[in-house]
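Structure first, commentary second.
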Amino acid sequence: MSADYPETWMFSNSEPPKPSKLDVDPADVLRILNLHHLSKLVAERGVPMHGAPAVGLPLHSNGHLGADLVHVKAGDQFPVHTHPGDHLLLSLGGRGTITVADVTYVVEPGDIYMVDGLVPHAVGAHPDSEHILVAIGAPHKAVDSPERMAWTDWLGRPVDAPILPSSVQGDAA
Ligand SMILES: [Fe+2]
């Protein structure tokens, strides 16, 4: 019981009044970032991502759920991979790709797509454009963490050398 309550309540069956608001400092629990601003910085200031030709800026993470801003140069692709958690991907700038079962679809700013982490997949940038996207994942791993993804073949079997998607075959635009 809080020391702020009258001492008599310590011996009463009645509950002390509930505070109408949580006793928190908003600055301690709320962090607002602007994706339009950060998307201009990610290519230059992003951290190299483990196992992929991309850089990322950490946005938010509580250790379970997290989001990162990712930049992929024109034509670059993540290797085929899996990971324990699923992720939501939001295309923010340029033009990108998402490949599942070696079929590649083009995504554009405003497209949001969910990928099952245990289904082998690859994200990337269109050959003609960089791609900036937000990756929201749970469980969340740091952008440079070796645990963020594991290289696989299209059947999900671990591989030592990266396998890249064959080509851009579809167009979601
Ligand atoms: Fe992934």
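Since every read-out is calculated from the coordinates, none of them should be taken as a lab result. Just so we're clear, the structure is a prediction, and the values are computed from it rather than from any experiment.
Based on the alpha-carbon gyration tensor of the range 21-81, what equivalent-ellipsoid semi-axes (square roots of 5 times the eigenvalues) come out, in whole Å, largest first?
29, 14, 8
Read phi for every residue in the range 106-112 and hand back ³J(HN,Hα) as whole Hz from Karplus 6.51 cos²θ - 1.76 cosθ + 1.60, θ = phi - 60°, with x for Gly and Pro.
The phi angles translate into 8, 10, 10, x, x, 6, 10 Hz.
Between residue 116 and residue 50, what length in nm is gained on full extension when 0.36 nm per residue of separation is reduced by their alpha carbon distance?
Extra length from residue 116 to residue 50 when fully extended: 21.8 nm.
Given a cut-off of under 8 Å on Cα pairs at least six residues apart, what relative contact order in percent is computed for the range 34-154?
The value is 33 percent.
Looking only at 39, 145, 61, which one moves most when the chain is put into a Gaussian network model with springs between Cα atoms under 10 Å?
Ranking 39, 145, 61 by mean-square fluctuation puts 145 first.
Sorted from largest down, give the three principal axis spans of the alpha carbons of the range 34-154, whole angstrom values.
Reported extents, whole Å, longest axis first: 34, 34, 22.
Of 92, 57, 33, which is the most mobile in a GNM of the chain whose springs link Cα atoms less than 10 angstrom apart?
Judging by the Gaussian network model, the answer is 33.
Could you name the aspartates and glutamates whose alpha carbon sits less than 14 Å from that of residue 73, not counting residues in the same chain fewer than 8 places away?
Here the aspartates and glutamates satisfying the reach criterion relative to residue 73 are 44, 128, 130.
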